[in-house]
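The structure appears right after this line, and notes come after that.
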Amino acid sequence: MSSPTRTRVLNLGMQTVALAEFHTSADGSLTLDQLQFTELLTDPGADASRPGQLEGAVAELKKTAKSAGGSVNYALPSQAVFARYLSLPVSSPDDLNQIIAFEAQQNIPFPIDEVVWDYQALGEPHDGKLNVVLLAIKTDTLEDVNKAVEASGFAPHIIDVAPVALLNALRYNYSDLGGCSLLIDVGARTTNLLFVEGNKSYSRSIPVGGNTISTAIAKEFHQPIEAAELMKKEKGFVSLGGPYADPEDEIVARISKLSRTTLTRLHAEIARSISFYRANQGGSQPLRILLAGGAVSMPYMLEFFGEKLQLPVEFFNPFRNVIIAPTVDTELLTAKAHAAGEVVGLALRELGNCPIEINLRPPTVIAAQTLSKRKPFLLAATACLFLLLIQWWVYFSKAAAVQDHMLQSVNQDIAKLDVQAQAFDNLKRKQDEVEAIAAPLLTATAEREVWVRIVDELSAKLPPRFIWITQLTPLSNGKPISMLGTTPGQRTAPAAPVKPPSATRPGIGGNQSQPAQPAIDTLEIRGLYFFNEPNQAKVVDDFVTNLESSDLFAIDHANKAKLITVRATPDEESWAYHYTIILPLRNPIVLP
């Protein structure tokens, strides 16, 4: 695969963001054309605003470098990515993919569908085992970072991890070294250890970095973290310890001792990591130390590690095999070269054949890249569609005359059908007239059945024992109505008229308006109930309860007791006692 002529890369560190531009020559050599750095907030408490800071930092670098944007490779900081080294049995590529998928579910501390992950085999199998590095990051975290990069007009191509990019840069520039080399990358918040020995490599992150020194200074001098960072840069150096005299400035002396104390902790972790690498990874004792990262620029850092590790120590030069163009600020490059290894590793990905090729692409980037690959096919398909449309236009133009002739024949048939449709319309109007005449007759027929339904319903709901009905009186607005339409003689009216909930005709239903003529809206039921132990008058309550489920009567469960207007109390002298119930009709019966 041919490499692009120009490559843009971004290293998104926790405190430093770097933008670089390279170009490749026909012979495969790499040339640095431009390199820019900018700083983010030092305070870890501002991490919630990190996506916004990244967006501003990338936009600033783009403006400073006068970059046109476009495709970019960028690296994520190690503390944002979960890394796990696995030793797996040697198997076929298909089986290895299945094993890795299973191991990813077991080792990644997040639901597998919420992360973006990738893996890479490290070196050749040894003793039937294959060392594999597994890297993962939460999808929402990666999408936030990706949006910050895209906001400045960059289109992500490869998304790497800082230690991996640094490892590729180390192998490219120091391929001539034999034995085991240890690269110590001291960043803002973590220190990454990279062991490289032939085709074998191993990485470990230690949560100690330049900000650890700044935090210790802030605590010692009761200063904000930003002020402590400034003090470290202006007055800080690593105390040489031992017989060396302390500086005359007390503040400088205290800062140097704090720096040495912090780095001593780091040295202890490095020593343990070397022992682990030799015991568990089958590695050898490092023969040399290479220092990288922004924090190693503190004075006497080189001497400190040389004293503690008792090994040759030098600054890592990621541009050892890279051509430097005249457009590069050489003063900046001299001061920051040891902190630019990641950008070289990112640029090498375009050359191909890197030892580790991780690509943590979020779903949005995969979709965009898939669409970009399909663009030539989409354009070709569009052209074919256009030609097809022209052919169809020619075809339809020739077919238009034939269609016009056929249309005339169809119109003649339609005219004949219109005559028949008119006849059907006349029959429909006559049908509507007959239905209008029949509607009152149907309504009257339905009303004749109302009383039969009412009597049947009362009979069905009446308890089987101890109670019977002696009199049924229709009421209209609380007044008795005789079945002949006249008011009967003087009688006892119900305690209060009960207004029905609706005024629709029985058997017809719907929400019709209240009829103007009188209607029977309530029934007064009188009867007797037997003396019965122990329930007595409860049989009347049971009767009303049974009527609640009726679709003929409108009974409110909460107020059903009010419907029983008369209920004689048993006195043990009579065998039966009177009761009176007022039942509102759900659908009033309109009087003629």
Quiz item: Which ³J(HN,Hα) values, rounded to whole Hz and listed in residue order, are derived for the range 223-231 from phi using the Karplus coefficients 6.51, -1.76 and 1.60 in 6.51 cos²θ - 1.76 cosθ + 1.60 with θ = phi - 60°, glycine and proline given as x?
Solution: 10, x, 4, 5, 5, 5, 4, 5, 4
Quiz item: Kirkwood hydrodynamic radius for the range 338-401: how many Å is it when counted over pairs of different Cα atoms?
Solution: 16.4 Å
Quiz item: Based on the mean of other beta carbon atoms within 10 Å per residue, what is the order of 546-556, 314-324, 348-358, most packed first?
Solution: 348-358, 314-324, 546-556
Exercise. With a Förster radius of 35 Å, plug the Cβ-Cβ distance of Q422 and R453 into 1/(1 + (r/R0)^6) and report the FRET value to the nearest 0.05.
Key: 0.20
Quiz item: Calculated from DSSP H runs of 4 or more alone, at -39500 (n - 2.57) each and per residue, what is the 222 nm mean residue ellipticity of the chain, nearest 500?
Solution: -14000 deg cm²/dmol
Practice problem: Report the antiparallel proportion of the DSSP beta bridges in the range 176-316 as a percent, rounded to a multiple of 5. | Solution: 65 percent
Self-check item: Spatial extent of the chain: Rg and Dmax, with the Cα atoms as the point set, Å
Solution: 46.6, 131
Practice problem: Distance check, please: which entries in K62/K373; K62/K336; K200/K308; K138/K219 exceed 28 angstrom between their Cα atoms? | Solution: K138/K219
Quiz item: Once the Cβ-Cβ distance between T264 and S284 is put in as r, and R0 is 22 Å, what FRET efficiency do you end up with, to the nearest 0.05?
Solution: 0.30
Exercise. Straight distance only, please: which lysines reach the Cα of K560 with their own Cα at less than 19 Å, same-chain residues fewer than 8 apart left out?
Key: K461, K499, K538
Exercise. Sticking to Cα atoms, compute the Rg of the range 176-316 to one decimal and its Dmax as the biggest Cα-Cα distance, whole number, in Å.
Key: 15.8, 49
Quiz item: Measuring from centroid to centroid over Cα atoms, what is the spacing of the range 409-429 and the range 375-400 in Å?
Solution: 41 Å
Practice problem: Going by C-beta contacts inside 10 Å, put L287, L32 in order with the fewest on the left. | Solution: L287, L32
Quiz item: By how many nm would the segment from Q431 to T470 lengthen if fully extended, with 0.36 nm per residue of separation less the alpha-carbon distance?
Solution: 9.3 nm
Self-check item: Selection from M301, N192, G13 lying farthest towards where the dipole of the chain points positive, charges on Cβ
Solution: G13
Quiz item: Under a point-charge model restricted to the Cβ atoms of Lys and Arg (+1) and Asp and Glu (-1), what is the dipole moment magnitude of the chain relative to its Cα centre, in debye to the nearest 20?
Solution: 480 debye
Practice problem: Express the C-alpha Rg of the range 292-369 as a ratio against the empirical globular expectation 2.2 N^0.38 Å, rounded to two decimals. | Solution: 1.46
Quiz item: How high is the relative contact order of the chain, given as a whole-number percent (alpha carbon pairs under 8 Å, six or more residues apart)?
Solution: 12 percent
Exercise. Kindly give the semi-axes, whole Å and largest first, of the ellipsoid equivalent to the range 374-436, taking each as the square root of 5 times a Cα gyration tensor eigenvalue.
Key: 50, 21, 4
Quiz item: Between K398 and K129, what is the label-to-label distance in nm when each label sits 7 Å out along the Cα-to-Cβ direction?
Solution: 7.6 nm
Self-check item: Residue exposure sequence - L417, L302 - by fewest surrounding Cβ within 10 Å
Solution: L417, L302
Quiz item: How long is the range 253-403 along each principal axis, judged by its Cα atoms, biggest number first, in Å?
Solution: 101, 44, 31
Practice problem: Among T569, T473, S29, pick out the residue whose Cα is farthest towards the positive end of the charge dipole of the chain, where Lys and Arg carry +1 and Asp and Glu carry -1 on C-beta, about the Cα centre. | Solution: T473
Quiz item: Tell me, what ³J(HN,Hα) does each residue in the range 549-562 have, in order and in whole Hz, if you take phi through Karplus 6.51 cos²θ - 1.76 cosθ + 1.60 with θ = phi - 60° and put x for Gly and Pro?
Solution: 7, 6, 8, 9, 10, 9, 10, 8, 4, 5, 10, 5, 5, 5
Quiz prompt | Chain lengthening between A80 and S297 when straightened (0.36 nm per residue, less Cα-Cα) | solution = 75.7 nm
Quiz item: Going by how many other beta carbons lie within 10 Å of each one, how would you line up H578, H267, H338, fewest first?
Solution: H578, H267, H338
Quiz item: Considering only DSSP beta bridges whose two residues both sit in the chain, what percent are antiparallel, to the nearest 5?
Solution: 80 percent
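The numbers here are math on the coordinates, done by the rules we state, and not lab data. None of these values were measured; they are calculated from a predicted model. Heads up, the Cβs are rebuilt from the backbone with ideal geometry, glycines too, and the neighbour counts pull from every protein chain shown.
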